[in-house]
Amino acid sequence: MFHLLNDYSEGHKLIKIPETALEIFKLPIEKFNSLKPTFFQQYLNAGFIYIFLKIIVIPVIILVILLLILSLLSNRYKSEQLDFKKKKIDATLNDFLTELIFSDFNTEEIKQKIAEFKGTIPYQEKWCRYLILNKLIQFKQNLHGFDQNRILLIYKYFDLQQYSQRLLNDKRWYFKSLGIYHYQVLDYKIKKGHMKSFLKSKNKYLRSNALVAVIALSDEKFGVLDNYQDRISRADELKILDIIYQKQSEVPENIELWLQHKNNSIVLLALKLVIRYKVNLNLSQITYLLMHDDALVRKETLLAIRELKIVQANQLLLAHYSKENHKRNRISCLKTLGVIGNDETLEFAQTLLPEENDLEIKFELVSCIHKLDAFFFDDYTIEDLNQKSLIHKIALHVKNPYLN
């Protein structure tokens, strides 16, 4: 397959070249000159690239930048114009709603005036309806001394319930929650049944918002809590308590059932209502609650006994103290004994004091004894000098909290 070239006599080595390569060497030089260069070889050079960038690429980039700048300026102008329009409509809306709310217009007159007012504003724009709705909510929350039902009447005649209903029909939970909020704030009681359907939602935030709304739209019985099984967050608990306080209602009828509810959140809510309405707990209820599995329920029970000064529970607390395995609850128990205790309590605390090694609990024992007998530590003495010194220091701090 290989040919041998002439062997040079000067001692050069033989070179082996493939036949095909040899044939190439035999081609006349004109053959190479007649080969045509490709497109890229002919045009893709420095001069061509320079002209291409100068004539096409750079002008296109400049044009795109100019278009972006014009678009930004246009959007800015439109935004400023819209803000100006909103402020103008906001001022007009304030005057219009104030007139409707505090006037003596009857239902038909209100309906007619709203229909006329719609023609003077871009009512079909979503932002405009949203502005009206927010304004009504502000009036509802901040103004008093007028017929609250008039706000709901204006809400209906503006057809804003359709906007709220569309939010409720949305698949996203946060839009549903916004619709629920509208009905809750505007006190649209007729929608309470619709809100209850969301109490079984898989989304915990939607369930939470629905519960608060149903309670806000309910009568004073608050029966929705009777069979409620989900945990109530601290934030929702405060909202519910605030709603109940604002309604200035009597003690909920089912509060005794709530104290024995399987849902610990309901029990905690009931105990807070017990304190708020000063409902006196009987000994059987206290015994049941102190045996509760939830440490928070036990702690809230101890607080209720302390706030209501239920002195009959003293013996129960003395027996409960040794069974309580939660440190903060033990401290709370001693705080309560310091309020409702008697001579038996004093003797009980005095016995525990030298044996207690936890400084926080020891401090509360000293405080409890001091509340029951302000002169107890004036001549207090024990054999252990270290304990005696420590107890006297704690007693000095209890008597004077500002002592360093």
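The values are calculated or read from the model by the stated rules, or taken from the named source; none is laboratory data. The shown structure was predicted, so the numbers you read here are calculated from the model rather than taken from an experiment. Methodologically, a virtual Cβ is constructed for each residue, glycine included, from the backbone with ideal geometry; neighbour enumeration extends over all protein chains shown. For the accessible areas, the whole protein counts, side chains as well, though only heavy atoms, and no ligand, DNA or RNA atoms are used. Shrake-Rupley method; radii C 1.70, N 1.55, O 1.52, S 1.80 Å.
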Residue-wise HN-Hα coupling along region 352-364, computed from phi with Karplus coefficients 6.51, -1.76, 1.60 (Hz; x: Gly, Pro): 6, 3, x, 7, 7, 9, 6, 5, 5, 5, 4, 4, 6
Efficiency of FRET from Cβ geometry, residue 380 and residue 196, R₀ 60 Å, rounded to 0.05: 0.45
Candidate aspartates and glutamates for bridging to residue 156, where Cα separation is under 16 Å - those fewer than 8 sequence places away on the same chain excluded: 108, 109, 116, 147, 187
For helix 107-118, what angle does its Cα long axis make with the longest principal axis of the chain, in degrees from 0 to 90 and rounded to 10? 30 degrees
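Carbon and sulfur: what percent of region 196-244's accessible surface (1.4 Å probe)?
48 percent
Contact order normalised by length for region 277-341, with contacts defined as Cα pairs under 8 Å and 6 or more residues apart; what percent is it?
Details: 51 pairs, mean separation 24.0, N = 65.
37 percent.
Using just the helices of the chain, give the 222 nm mean residue ellipticity in deg cm²/dmol: DSSP H runs with n ≥ 4 each add -39,500 (n - 2.57), and the total is spread over all residues, rounded to 500.
Working: 22 runs with 264 residues, N = 404.
Counting only the DSSP helices, I get -20500 deg cm²/dmol.
Mean separation of Cα pairs under 8 Å and 6+ residues apart, divided by the residue count of the chain: what relative contact order is that in percent? Spell out each step's value before the answer.
Working: 308 pairs, mean separation 23.7, N = 404.
Value for the chain: 6 percent.
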Please determine, in degrees from 0 to 90 and to the nearest 10, the orientation of helix 160-169 with respect to the longest principal axis defined by the Cα atoms of the chain, where the helix direction is its Cα long axis. 80 degrees
For region 60-74, in residue order, the Karplus 3J(HN,Hα) values (coefficients 6.51, -1.76, 1.60; θ = phi - 60°; whole Hz; Gly and Pro = x) are 5, 4, 4, 5, 4, 4, 4, 5, 5, 4, 4, 5, 5, 5, 5
Entry for semi-axes √(5λ) of the Cα gyration tensor in Å (calculated from the structure that is shown) out of [x] 44, 32, 19; [y] 78, 48, 22; [z] 34, 28, 18: [y]
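Gain in length, residue 264 to residue 58, computed as 0.36 nm per residue apart minus the alpha-carbon separation, to one decimal in nm?
Details: separation 206, 0.36 × 206 = 74.16 nm, distance 7.08 nm.
67.1 nm is the gain from fully extending residue 264 to residue 58.
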Which semi-axis lengths, in whole Å and largest first, follow from the square roots of five times the eigenvalues of the Cα gyration tensor of region 77-220? 28, 20, 12
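In Å², what does the accessible area per residue of the chain work out to with a 1.4 Å probe?
64 Å²
Under the definition of Cα pairs under 8 Å and six or more residues apart, what whole-number percent is the relative contact order of region 113-256? Walk me through the intermediate numbers first.
Details: 114 pairs, mean separation 22.7, N = 144.
Rounded, it is 16 percent for region 113-256.
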FRET efficiency for residue 68 and residue 125, Cβ-Cβ distance as r, R0 = 30 Å, nearest 0.05? 0.65
So what are the ³J(HN,Hα) numbers for region 76-93, from phi and the Karplus equation (6.51, -1.76, 1.60; θ = phi - 60°), rounded to whole Hz, Gly and Pro as x? 4, 5, 5, 5, 5, 5, 5, 4, 4, 5, 4, 5, 5, 5, 4, 5, 5, 5
Between 64, 214, 267, where does the largest GNM mean-square fluctuation fall for the chain, given springs only between Cα atoms within less than 10 Å? 64
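Sorting 331, 275 by accessible area (1.4 Å probe), largest first, what list results? Write out the running numbers ahead of the final one.
Values: 331 10, 275 40 Å².
Putting 331, 275 in descending order of accessible area: 275, 331.
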